[in-house]
Structure formats: C-alpha cells, structure tokens
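Chemist: The structure follows.
The values are calculated or read from the model by the stated rules, or taken from the named source; none is laboratory data. The shown structure was predicted, so the numbers you read here are calculated from the model rather than taken from an experiment. Glycine also receives a Cβ, built like all others from the backbone with ideal geometry; neighbour counts cover every protein chain displayed.
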Amino acid sequence: MQRHDIRIGWIGLGVMGLPMARHLLAALHPVFVHTRTKSKAEGIVQEGATWCASPQEVAQSCDVLFSMVGMPSENEEVFFGPSGVFAANRCPATIIDMSTSEPAFARRVDEAARTRGSRALDAPVSGGDVGARNATLSIMMGGDADTCVNAQPLFEKLGTRIVRQGDSGAGQTTKLVNQVCVAMNTLGMCEAIVLAQRAGLDPQAVLDCIGPGAAASWALANLAPRVLRGDLAPGFFIEHLAKDLRLANAAASDLGLDLVMVKRALGCYEDLLAGGHGRKGTQAAVLLHG
C-alpha cells in the first residue's frame, strides 16, 4: 500500500474514537492524535500515530481533522477553548465533528471554520463499538455537498452507510432521530428479557425464536446476548445516551413537539445515572428491574 499525503488529525480516543482512528492509521495516513487521558493514546502512538498536547496542536498539524468526544462541554473545549482547534494559527482544510451534539453547535463550528477559510462537516455515527471496530458504521453527514464528496474516501474507511442528510446541522438532527430509536429499542429489549426470565422461560430460546421476526432490532441482536452473559460493559455509555435524549427533547421542544416517550425514556436513563450506572453500557437498563 502507498502512504497517503493527507495528514489526519484525531481528537478523542474513547471506546469508538480509538478504533476509528486506527482504521485511518492502517490506511497509511499520517495521524496526529490528542485525547484528555494521554495513557489512552499510548497504543496507537506505538503503532505510528503522533501525539499532540492539545486540540490546537492537532489542528496545526493536519489537513483533515476529526473529533469524537462524549459531552457538549468537551466539544466546546475542543473547538472554542483557549487551546482549542480555532485557537490554532492555521486551520485544517476540513473539520469533521463525529461527536453527537446540538445541531446549532454544528452550525457554529461551520461558521467559525468558514471565517478561517475552512469547511466543517457534522458527521455523527451509529453502530456502537462493534461498528467502530469493524468499520461498518452508519455515518450521517451535514454540510455543503462538495465537502461531503471530498471527505467520502475517508468516511469509507470508517463506515458502510454514508449519507449526506443536508446542510450544516442536518447530520446531528438525524443522529438525534437515531438515538430516539436506539433508546426505545434498548429499553424494550431489556424489559422483554426480564419478562421472559420472570415467566420461567429460557431467554436464549426466546431470543432464537423472536430474533428473526417482527421483534428484530440491532439491540436484540447485539445487546441482548450481552445482557444474558451479564456483560454490562459499554459499547455506548448510559451517560451519553441520556445526554442525547436531552438534546432530542430540546430539539423537539424547539419544533413545538411534545415527545412523550422520549421524556419517559430519558427518565429511565436519568434513574440509571442517579443509581451510579452512567459509565455502564446502555444495556444496563436491565438493572431498572432489579
């Protein structure tokens, strides 16, 4: 394979960000990385990535910058903090935020990028840790069409379903729609397992029977087996899904919508947060039932 000239910056090396950055490194791009906890970068640096001390340093080192962090406060710091991306003396040609945040934040990043002669895309993903490791993520793009087309070859290293949803902010809005479905499916899957267990059924036999039918879902196929094994480790954190549901609720309110089930789902995940389960996987919703 020939080494690529496009220099990649990657900010955020969590459960999903680390394997995604590794895919680009494996494609022989020079990769410059930063994450809040430096020890999380040790492996990828040993594999050939270059450590940067701040988002600002990443921005000054790359042509295309990706960010994948968890919470809105982190995103604010990454882009607009004193050592953030927009504090750099030069901006990358393309800035791609793959975190989940407010659509208005995506538009704000795009406006800041344009004032510096750059372009920004919001490109949140779905598929969890499995999709990140296997490069089978769904990627929801928001931004101008030409920039989306130019970024396509890089996105193809990360996912298999890559769709431009519209202008800046449209990717984030699509992700909030996705998260509403994720939350409902996960809660339903957990309650279904509890029902089967309490009724004295073999839950694996139940899953084998209902999995191919109308009850089929990503949660049933991927998270239910983890629940049955007692594996509540995160592919996606409860605290992050609760954050996403808050964003979805706010977006709905801005549109004059009262999404009752979103509020109820958020209440369930807020209860899990209050119980100290925020850093567990979303399948830990099974704990709501003891």
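Chemist: Looking for something assigned by TED's automatic domain parsing to the domain that holds L28, assigned to a strand (DSSP E or B), buried (at least 20 other Cβ atoms within 10 Å of the Cβ) and not small (G, A, S) - is there at least one such residue anywhere in region 143-156?
Modeler: Among the residues of region 143-156, not one is assigned by TED's automatic domain parsing to the domain that holds L28, assigned to a strand (DSSP E or B), buried (at least 20 other Cβ atoms within 10 Å of the Cβ) and not small (G, A, S), which makes the answer no.
Chemist: Another question, if that's okay. Can you tell me which of A251, A205 is more than 14 Å from M189 (Cα to Cα), surrounded by 13 or more Cβ atoms within 10 Å (Cβ to Cβ) and among the small types (G, A, S)?
Modeler: Just one listed residue meets the conditions, A251.
Chemist: Among the residues in region 62-81, are any without any contact (Cβ under 8 Å) to a residue 24 or more places away in the chain and over 30 Å from A248 (Cβ atoms)?
Modeler: no
Here's the yes/no breakdown for (1) assigned by TED's automatic domain parsing to the domain that holds F80; (2) out of contact with any Pro (no Cβ under 7 Å at 6 or more places or on another chain); (3) not polar (S, T, N, Q):
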site: A93; (1), (2), (3): yes, yes, yes
site: T100; (1), (2), (3): yes, no, no
site: P103; (1), (2), (3): yes, yes, yes
site: D110; (1), (2), (3): yes, yes, yes
site: A113; (1), (2), (3): yes, yes, yes
site: G117; (1), (2), (3): yes, yes, yes
site: D122; (1), (2), (3): yes, yes, yes
site: S126; (1), (2), (3): yes, yes, no
site: D129; (1), (2), (3): yes, yes, yes
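Chemist: If you don't mind, another one. Mind counting the residues in region 271-290 that are part of a helix (DSSP H, G or I) and either under 13 Å from L187 (Cβ atoms) or at pLDDT below 95 (or both)?
Modeler: Total meeting the criteria: 10.
Chemist: Of everything in region 23-43, what is touching a helix residue (DSSP H, G or I) at 6+ places or on another chain (Cβ under 6 Å) and not aromatic (F, W, Y)? Give them in sequence order.
Modeler: Correct list: V31, V33, H34, T35.
Chemist: Take the residues of region 46-90 that are of a type in the set (V, I, T), under 22 Å from the mean Cα position of the chain (by Cα) and not in a loop (DSSP other than H, G, I, E, B): which is surrounded by the fewest Cβ atoms within 10 Å (Cβ to Cβ)?
Modeler: V64
Chemist: How many residues are in contact with a Phe, Trp or Tyr (Cβ under 6 Å, 6 or more places away or on another chain) and small (G, A, S) if we restrict to region 89-147?
Modeler: 2
Chemist: Separate question: Pairs, please: C-beta under 9 Å, at least 6 apart or cross-chain, first residue farther than 16 Å from R7 by Cβ and in region 37-59, second of a type in the set (S, T, N, Q) and assigned to a loop (DSSP other than H, G, I, E, B)?
Modeler: A41/T35; A53/S83; S54/S83
Chemist: Scan region 222-238 and give yes if some residue there is part of a loop (DSSP other than H, G, I, E, B), touching a strand residue (DSSP E or B) at 6+ places or on another chain (Cβ under 7 Å) and not hydrophobic (A, V, I, L, M, F, W, C), otherwise no.
Modeler: Yes, because at least one residue in region 222-238 is part of a loop (DSSP other than H, G, I, E, B), touching a strand residue (DSSP E or B) at 6+ places or on another chain (Cβ under 7 Å) and not hydrophobic (A, V, I, L, M, F, W, C).
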